[in-house]
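The values are calculated or read from the model by the stated rules, or taken from the named source; none is laboratory data. Computed from a predicted model, the values in this text were never measured in an experiment. Positions of Cβ are generated from backbone atoms using ideal geometry, with glycine treated the same way; all protein chains shown enter the neighbour counts.
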Amino acid sequence: MSETSIIDQQAFTNTSTQIENPEFKKARLFNPDGTDELTERKLIGGNSTNLIQLNNTKYKWATKLKTTMYANFWIPQKNSLQSDRFDLLTEDQKETFTGILSFLIFLDSIQTANVPNIADYITAPEVKMLLAIQTFQEAIHADSYQYIIESVIPRELRNGIYDRWRDDKILFERNKFIAGEFQAFLDNPTEQGFKRVLIANYLLEGLYFYNGFQFFYLLAAQGAMTGASRIIKLINKDELTHVTLFRHIISETFTEADHDWVIEMTKKAVDQEVAWAHHIIGDRILGMDKKSCEHYTKHLANRRLVAIKIDPIYEGVEENPYRHLEERADMHGEGNAKGGFFTDSASYNQSNAVGGFDKF
Amino acid sequence: MLVQKRDGSTEQFDLAKIKQVIGWASQNLQVNPLQLESKISAIFNDGVKTEAIQENLTYAALSMTTAEEPHWSYVAGRLLMMKHWKETDETRQGQGFAKFVHSQVDAGLYAPHIIEHYSDEELNLAGRLLAPERDLDYDFAGADKLIKGYLVKNETPQIAYLMCALLINSQSKEKSLEFVQDLYDGLSLRRLSLATPFLRNLRRPEGNLSSCFIISMNDDLDSIFDNIKNFARISKEGGGCGVLLSNIRASGSWVRGRKDTSKGVIPIAKLFNDTATYVDQGGTRQGAVTLALDVWHADIHAFLEMQTEVGDQRAKAFDVFPQVVTPDYFWEVDGENGDWHLFDPYELRTVLDIDLVNCFGDEFVKNYKEAVKAYEQGKLQIVTVVKARELIKEIIKLHVESGLPYLFYKCTVNRLNPNKHTGIIPCGNLCVESYSNVLADEEAHTCNLISVNLANQPDFFALEISCRTAVRALDYAIDLTATPIRESNVHNNKYRTIGVGAMGLNDFLAARNTNYESGMDLINELFEEFAYACISESIKISEERGAFEAFQGSMWDTGERIEEYAKHASDPSRWESLQVAINKHGIRNSQIMAIAPNTSSSIIHGCVASILPVYSALFYDESNHRAVPIVPPYLHENPLGYKAYKHFSKYVMNDIVSTVQRWVDTGISYEMTFDLNNDQEDAFYRYQALRDAWKKGIKCIYYTRNVDLDSSCTACAN
């Protein structure tokens, strides 16, 4: 029996959440019996040789996404943090600033280690490749937070930021929720566990970072920490490609039968994000408050759900309270952020962002 | 609930007071004050400070700014100005101006020149010109930038403008306040905009006024390090600097007779890089320098790779702005997809006695071909042969990655150089709009800038007054302060170069219900008037005070410069009579007009920068101080008049810029904006746009902006 018939697409997608497929397993690494035929190609449970042959891809979105991800290449050291003055922040802003960094650096560190675990099960080489790029970008992000911490935060506070995820109860709980899903799957690699990991990832990339990001944009809007904000903008740009990647993987593999538990997980993630935002931002920051954080998180959760074809679950949050901050971060190629050209290296791309070099 | 006032006392919270403030700030603007009131949030705890309330309101108004409701940014601007007024004294009303000036001088905030030149009586008389209500015409971005970046302690904007007008007028031979009135009105009605060093430094002790410098060095150690010092001094005074590196021997060249010893231009670039980061005006503004290298220089590849992320970090210089100098012949060779030769200037000098730096046009072609011949005969060792097109591809890749290097079309610039009789223009300044003859170690290009804000010119008559006032102010300014380096003084006396710029062209068109495409004739007419007024005034000053030193034999003197204008003029006879006047009186300034980017000053003026289309109908300015929404002034009246730059064909842009360039005797900071999301605008398109620019007689390409790829939606098509 060939491997392709073991889990055929139909059977896979019809698997209800309760019944585990006993054949769900990692993709083979060296697989001379595998096939590169597009008709046989599957995202998960396929029989790939792992050969990356980009002129022969089934998932066309992957090729386009690859170009964007390449074009986004950057290193944090190219952005100057010379004018970022931690000492000029208010005490409350300092507290929020360091707290958010603790959270972000933990998440991106975990992601660097975790994304390859997902890639292990992917049997479409063009998608596996994107996960490899993502892994690399997560490492750049963890490096970036460290670069910000080491450049702008006084020495005596630095270790506290790295260690805070253990000591802060709310932070610990929410890290446990997401990382716990990842760990549970590693301990017991079931298909359902894998799908939970996909959602956990999607929520992490699409929901968890964002109150934190907005805080950086807010500071920049008030003239503070503009260098760090530029780096955050670059990270945000990458994260959006990761959201897109997982959105596609989820759309290819999920069915309506999955919606209920996805909604449950989303609600829990929203509750934790809101609790965290109330804890770390609260009502102490000019330009953000508890109410708007909660509103924004729910608004964002609806957006993420709609993207994977699930109806919105929160009402009365159509308006985005941080639209003015998001607009200035210009994540959607609209060209509505214009950098001062003596100061900004953030809005630049690798040269593969345009084609046509072979035409002349 | 209690609130704490500025002086520390407390009073009962009074919502009516806040409503009153909001009403005042919203007066005559297209906004609904209730909307702002609804934002008054939980921030008002017991004991809240009045400043916090004010700040909260300002910020709330700012966050409400949209393309549909742009006036909120003016509400925020007024609220900010109100706060600033509270922090300054009552002098803004015009009372006791002399007393105020004295106290500023005593406190060391103003240079004493002002009270040495004007009596108290004269100062108090001038004080009556103050029109404080004009302080309220700023949007938030403008008010913020002005207050934070330009005003001296205790000043309001109007006081700053009046002070500038008085100081510039101190060079006038007559004591009358007529010119002060013209200049003050021009500045305060925002028809004229002083360049940054001008507006920032003029009133302060030891301030430099010049914006633009170009220095050049010879191929020896003394010259190299002397010029690093020169650059440091220029940076200290806030000037932007261009530096020509092309004379420097290439990597692998000889030092003291030993081959493979020279390290080439990159280590020098790094020295300038580090000097720029070190000399940063007390942390406020990093030194800014464009390093220029000719495209035939053997180090051109290393030079182009100077800012990429990959490769040896020791060969990187991230904080400079590279500029590539290209002769016509380079583009001609590329037209045939031909080979291009890279040479070591030291070897050319010593072996062949050829200098490729100080020539252009036919003379360059002759020298270059001679060098190629010598190479083919085996006489030269340090030569690389590449396809011209491969170099252009490298440049385009860098444009996508970092928006640099600038391109300088050397032959176009020099063909129209009025001072061909005394030298050559080797490269452009930091914003590639202002340049003149430069001689290594002897003469440094030096220039002051004022821009005419076209958005606020009611008619051509007002435009003429603005242009004339600008020329006169700039010419006076040359004599007003000492320059940071000796080479500048020599140059100033010899050429007296000034740069009258223009900004708000997009607004000028939008206000007249037209646009770039259908307004081409109007643009042409506008800039003919602009040039005519500027040149006329320079002749008039020459009549009063004499021509620039090198006038004799210049294109102004021979009549060639005016001939060039007459070719395109609506009424050539008008220009011919200008030549008659020049023959009689000479002309005061060898270069007169230069269109600067005006990135900061256009924000203060609330107009679209330079002569280019708006970046986007609403965008967020991200320069160092703040990220704030920017909305063009006539957006509410004519939303269709503001098509975003990225939607323009670059061929059309080249047409617009070359039309304006006909009338502008120096250069234009021509920024190109490409949209990475538009598949049409690929590398080949960029290549064609650069060639098209060269063919149309554009002098330089400044900075290339790229509208980012859409990160979230790339795969939506699926």
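Structural remarks
- Scanning the stretch B:193-220 for residues that are buried (at least 24 other Cβ atoms within 10 Å of the Cβ) and among the small types (Gly, Ala, Ser) turns up B:SER193, B:ALA195, B:SER210, B:SER211, B:SER216.
Results for (1) within 30 Å of the chain's Cα centre (by Cα); (2) of a type outside the set (Phe, Trp, Tyr); (3) crowded, with 18+ Cβ neighbours inside 10 Å, shown as yes or no for each residue.
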site	(1), (2), (3)
B:PHE303	yes, no, yes
B:ASP319	yes, yes, yes
B:TYR329	yes, no, yes
B:LEU342	no, yes, yes
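- Residue check, B:LYS148 in a helix (DSSP H, G or I), surrounded by fewer than 20 Cβ atoms within 10 Å (Cβ to Cβ) and not assigned by TED's automatic domain parsing to the domain that holds B:ILE603: yes
- One residue from B:GLU68, B:GLU55 being within 14 Å of chain A (Cβ to nearest Cβ), over 26 Å from B:ASN124 (Cα atoms), in a loop (DSSP other than H, G, I, E, B) and modelled with pLDDT under 85: B:GLU68
- Test: residue in the stretch A:281-293 that is buried (at least 23 other Cβ atoms within 10 Å of the Cβ) and in contact with a strand residue (DSSP E or B) (Cβ under 8 Å, 6 or more places away or on another chain): no
- Every listed requirement among (1) within 14 Å of chain A (Cβ to nearest Cβ); (2) at negative phi is met by B:GLY403 save one, (2).
- Qualifying residue in the stretch A:304-323 (condition: modelled with pLDDT of 90 or more, within 14 Å of chain B (Cβ to nearest Cβ), under 30 Å from B:ILE53 (Cα atoms) and crowded, with 16+ Cβ neighbours inside 10 Å): no
- Within the stretch B:586-600, the residues that satisfy the criterion of being part of a loop (DSSP other than H, G, I, E, B) and within 9 Å of the chain's Cα centre (by Cα) are B:ALA594, B:ALA596, B:PRO597, B:ASN598.
- Residue count for the stretch B:113-144, restricted to those that are under 28 Å from the mean Cα position of the chain (by Cα) and charged (D, E, K, R): 5.
- Selected residue (criterion: surrounded by the fewest Cβ atoms within 10 Å (Cβ to Cβ)) from residues of the stretch B:536-559 that are within 22 Å of B:ILE424 (Cα to Cα), of a type outside the set (S, T, N, Q) and under 28 Å from the mean Cα position of the chain (by Cα): B:GLU549
- Considering A:GLU156, A:GLU150, the condition of being surrounded by fewer than 18 Cβ atoms within 10 Å (Cβ to Cβ) and modelled with pLDDT under 90 is satisfied by A:GLU156 alone.
- Residue check for A:GLU191: acidic (Asp, Glu), more than 19 Å from the chain's Cα centre (by Cα), more than 24 Å from A:ALA269 (Cβ to Cβ) and away from every other protein chain (no Cβ under 14 Å): no
- Only residues that are buried (at least 18 other Cβ atoms within 10 Å of the Cβ) and over 29 Å from B:THR261 (Cβ atoms) were counted in the stretch B:367-388, giving 1.
Table: residues versus (1) of a type in the set (Ser, Thr, Tyr); (2) assigned by TED's automatic domain parsing to the domain that holds B:LYS148.
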position	(1), (2)
B:ASP185	no, yes
B:SER216	yes, no
B:ALA232	no, no
B:CYS241	no, no
B:ARG249	no, no
B:TRP254	no, no
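- Taking the criterion of being within 12 Å of another protein chain (Cβ to nearest Cβ) and crowded, with 19+ Cβ neighbours inside 10 Å, the residues of the stretch B:645-676 that qualify are B:TYR645, B:LYS646, B:SER669, B:GLU671, B:THR673, B:PHE674, B:ASP675, B:LEU676.
- Which numbered condition B:HIS102 misses (of (1) under 20 Å from B:ILE604 (Cα atoms); (2) assigned to a helix (DSSP H, G or I)): (1)
- Members of the stretch A:217-238 that are without any contact (Cβ under 8 Å) to a residue 40 or more places away in the chain and more than 8 Å from chain B (Cβ to nearest Cβ): A:ILE232
Here is a yes/no grid of residues against (1) more than 14 Å from chain B (Cβ to nearest Cβ); (2) of a type outside the set (Phe, Trp, Tyr):
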site	(1), (2)
A:LYS42	yes, yes
A:GLN53	yes, yes
A:LYS60	no, yes
A:TRP74	no, no
A:SER83	no, yes
A:PHE86	yes, no
A:LEU89	yes, yes
A:ILE100	yes, yes
A:LEU104	yes, yes
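- Exactly one residue among B:ILE595, B:ILE587, B:ILE604 is buried (at least 24 other Cβ atoms within 10 Å of the Cβ) and closer than 12 Å to B:LEU505 by Cα, and that residue is B:ILE595.
- Flag: B:ARG249 matches the condition of being away from chain A (no Cβ under 14 Å), over 27 Å from the mean Cα position of the chain (by Cα) and either crowded, with 23+ Cβ neighbours inside 10 Å or small (Gly, Ala, Ser) (or both).
- In this structure, B:LEU2 does not satisfy being modelled with pLDDT under 85, within 23 Å of B:GLU637 (Cβ to Cβ) and of a type in the set (A, V, I, L, M).
- Residue match in the stretch A:201-208 (condition: in contact (Cβ under 8 Å) with a residue 24 or more places away in the chain, within 13 Å of chain B (Cβ to nearest Cβ) and over 23 Å from A:LYS78 (Cβ atoms)): yes
- Test for A:GLN93: is it under 21 Å from the mean Cα position of the chain (by Cα) and surrounded by 16 or more Cβ atoms within 10 Å (Cβ to Cβ): no
- Residues that are within 29 Å of B:LEU162 (Cα to Cα) and charged (D, E, K, R), drawn from the stretch B:473-495: B:ASP475, B:ASP479
- Qualifying residue in the stretch B:498-509 (condition: modelled with pLDDT of 95 or more and out of contact with any Leu (no Cβ under 9 Å at 6 or more places or on another chain)): no
- Hey, B:TYR685 assigned to a helix (DSSP H, G or I) and within 9 Å of chain A (Cβ to nearest Cβ) or not: yes
- Among the residues of this structure, B:TYR645 does not count as one that is closer than 29 Å to A:PHE357 by Cβ and at pLDDT 95 or above.
- Scanning the stretch A:178-190 for residues that are touching a helix residue (DSSP H, G or I) at 6+ places or on another chain (Cβ under 8 Å) and either without any contact (Cβ under 8 Å) to a residue 60 or more places away in the chain or crowded, with 17+ Cβ neighbours inside 10 Å (or both) returns A:ILE178, A:ALA179, A:GLU181, A:PHE182, A:ALA184, A:PHE185.
- Residue in the stretch B:215-246 that is modelled with the lowest pLDDT, counting only those that are assigned to a loop (DSSP other than H, G, I, E, B) and charged (D, E, K, R): B:GLU237
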